[in-house]
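Inspection log for the structure reproduced underneath, given as structure tokens.
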Amino acid sequence: MRLPRLACFLAVCSGLIFATTPPARKASQPDIFLITIDTLRADHVHCYGYDKVETPALDALAAAGIRFNQAFTPSPITNTSHTSILTGLLPSMHGVTDFAIPLSPDHETWAALLKKKGYHTAAFIGAVILDSKTLAPGLDQGFDYYDNFPEHAQTKERWGRVERRGMDVVSDAERWLTSHPAGPHFVWVHLYDPHDPYEPPAPFADKYKEHLYDGEIAYADSALANFVSYLTRRGWYENAIVMVVGDHGEGLGEHHEDTHGIFLYDSTTHVPLIVKLPAKASAGTVVDAQVRTIDLLPTALDLLKIPLPSTLNGESLKTYLAKTGEQGRTAYGETDYPLRFGWAPLRSVRENGLKFIQAPKPELYDLRADPKELTNKYDAQNPNVTKMESLLAALGEKSSAKTEASASSQNSDKLKALGYTGTTATATDSASLPDPKDKIEQQNLLHTAMIASDDNRISDARSALEKVLQLEPKQPTALRQLGELELNSGDFAKAADHLKSAREVRPDDSTAAFYEGQAREKSGDLAGARDALEASLKLTPGQLPARLLLGKVYLGLKDPKAAEDQFEAAQLLDSKSMDAQLGSAEAQIAENNFADVLPTLQTMSQSDPNNPRVFELLALAYKGLGKTAEAQQAETRAAALKANH
Ligand SMILES: [Zn+2]
């Protein structure tokens, strides 16, 4: 059983060094295991020269394979960088430049390409950020199985709701492999652990208590060790191609960036990359040339003798695997994440020991003399600057042509449904936006607040957001988050004030308007609630909760006709919505349409005989028609149901 596989794999492997070897037979292609470790700085891995952490699994893979010393991600945020790994494309080409932007089916993923060649494909993710049902639509393209999070989490804890421990992720992968033993497999395993907040489990929490980020890395490494040992036990390790890569790094306070996403410095773009080949070919090789994470997909295809799609931005690393490639590759960096906060997006080019960062205040670093990128040598006349600017301009032209061709209204509808419309600016008007370098303290605080809110530490979240507003009183993201926080903690007047201010800065933020509508309704300002909800629905018409609330507000304002319109619109959005049906009945009663509404309520009293509100409204309808006995009966029923409740 193992023999044909081994034979084939030797063919693949030697084919990679001696190009004359005939291509391997499809039936016995090697398994491919792609392991992405989130938020992993290259310089925090033991085999990359860091002695404050133990990463025996990564070290062993590097010893058995090829370690790339200088590998770079084009994006410092999770879903964008993973999409680049899985498509071999730069962010501006695949278009997934923010959370929840769907990956177009035009861009085939690694899984889709291998599935066509008979691979069995599965993905195991460690964070909801990569969930294809919510924040990463389309990323499941080509996977037979994609291990999304449950739609309704049973827990309020972080674990299981938004994040999974590495050991749980690999257990899921191992279970799937055990029940799907027929190969060849392409399995992607995502270990999220080093992402903040840094909370490694025992014994790592104790061992690394002074540097918990490293503790998370050591823990993720232990999960990797578990996976490798599973593959070894099954006899699948030796012949497999195993690729391990970081999706991006972590600021750790360098350039004042605590986490990642805003900047394009090496702290967040330099990642570890290790490739183990079948039969441990080229074991122990260290490649110093600069390569990119977008090169992984073309490398895998090349090793399997599958023709590369001509559209890829990445290129095969085969020449480096055979130790013949010495020239480094130009690495581009792109981040649109600053746009979320109203700041300018950044672009970068890294080549020949230089890094150019295109920003309102441009930067140039001589990486050989200044690897920490501390001394900005930018000079508009410098020919290197001119050259790298023109490289970025050429790339920008290509990507904007592509964006225009692939933009679809379906995608923007999906986005609207997820509430993302209006919170992002477009790159075209970015010239006038502030440089993120001048705003990074705010982003650190906003991030702290987000994590604190997630963990239900409300006063920590509030104080971080208030600090942002001390730095910039009209910061729209902070105003909106603070408004939402006060709304949830019951200070409706304060919430309404913050949300109103947020909308003054960003009038197209339909979510802020909806929150403001809720806050005003709760504080009894019905006219204010009406205005905010109307504004929200004008921007995003398909919001059921906003329709229902606006209907209720119109009832309170004694405008039953307008209320009925809203409840009818709500029923168009969801014909089964009980709230919409009841609201509509209530509006008709307020309009004295007793005879019209009675049959509807009678039907509802049969289909939903335990809902006291149905019988309350039924009593009102009977009363309006002068049927006192029936009204009395319905009232008694409503009271009994309420008492049982
Ligand atoms: Zn990430």
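The values are calculated or read from the model by the stated rules, or taken from the named source; none is laboratory data. Predicted model, so just to flag it, every value in this text is computed and none were measured. Using ideal geometry, Cβ is built from the backbone for each residue, glycine included, and neighbour counts are taken over all protein chains shown. Heads up: the accessible areas ignore ligands, DNA and RNA and are worked out on the full protein's heavy atoms, side chains in. Shrake-Rupley method; radii C 1.70, N 1.55, O 1.52, S 1.80 Å.
Some points to look at:
- The residues of segment 370-419 that are modelled with pLDDT of 90 or more and open to solvent by 80 Å² or more (accessible area, probe 1.4 Å), listed by number, are 371, 372, 374, 377, 381, 383, 387.
- Meets criteria (crowded, with 22+ Cβ neighbours inside 10 Å and within 16 Å of the ligand (Cβ to nearest atom)) for residue 111: no
- When 98, 106, 43, 144 are checked against the criterion of being surrounded by fewer than 21 Cβ atoms within 10 Å (Cβ to Cβ) and within 15 Å of residue 189 (Cα to Cα), 144 stands alone in meeting it.
- All conditions but one from (1) part of a loop (DSSP other than H, G, I, E, B); (2) more than 16 Å from the ligand (Cβ to nearest atom) apply to residue 146; the one that does not is (1).
- Just one of the numbered conditions (1) open to solvent by 20 Å² or more (accessible area, probe 1.4 Å); (2) within 16 Å of the ligand (Cβ to nearest atom) is not true of residue 117: (2).
- Residue within segment 518-526 that is surrounded by fewer than 18 Cβ atoms within 10 Å (Cβ to Cβ) and within 26 Å of residue 163 (Cβ to Cβ) present: no
- The criterion of being within 16 Å of the ligand (Cβ to nearest atom) and in contact (Cβ under 8 Å) with a residue 24 or more places away in the chain holds for residue 129.
- Conditions (1) touching a strand residue (DSSP E or B) at 6+ places or on another chain (Cβ under 8 Å); (2) away from the ligand (no atom under 16 Å from the Cβ); (3) outside any helix (DSSP H, G or I); (4) closer than 25 Å to residue 345 by Cβ; number of the one not met by residue 74: (2)
- Restricted to segment 201-300, the set of strands (runs of 3 or more DSSP E) holding at least 2 residues that are surrounded by 23 or more Cβ atoms within 10 Å (Cβ to Cβ) and within 16 Å of the ligand (Cβ to nearest atom) comprises 241-246, 270-276.
For every residue, the table says whether it meets (1) acidic (Asp, Glu); (2) open to solvent by 10 Å² or more (accessible area, probe 1.4 Å); (3) in contact with a Ser or Thr (Cβ under 9 Å, 6 or more places away or on another chain).
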{"residue": "128", "(1), (2), (3)": "no, yes, yes"}
{"residue": "133", "(1), (2), (3)": "no, yes, no"}
{"residue": "138", "(1), (2), (3)": "no, yes, yes"}
{"residue": "173", "(1), (2), (3)": "no, no, no"}
{"residue": "180", "(1), (2), (3)": "no, yes, no"}
{"residue": "190", "(1), (2), (3)": "no, no, yes"}
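- In segment 77-108, the qualifying residues are those that are within 16 Å of the ligand (Cβ to nearest atom) and over 20 Å from residue 295 (Cα atoms), and the one that is nearest to the chain's Cα centre (by Cα) is 99.
- Summed over segment 40-71, residues that are basic (Lys, Arg) and within 16 Å of the ligand (Cβ to nearest atom) total 1.
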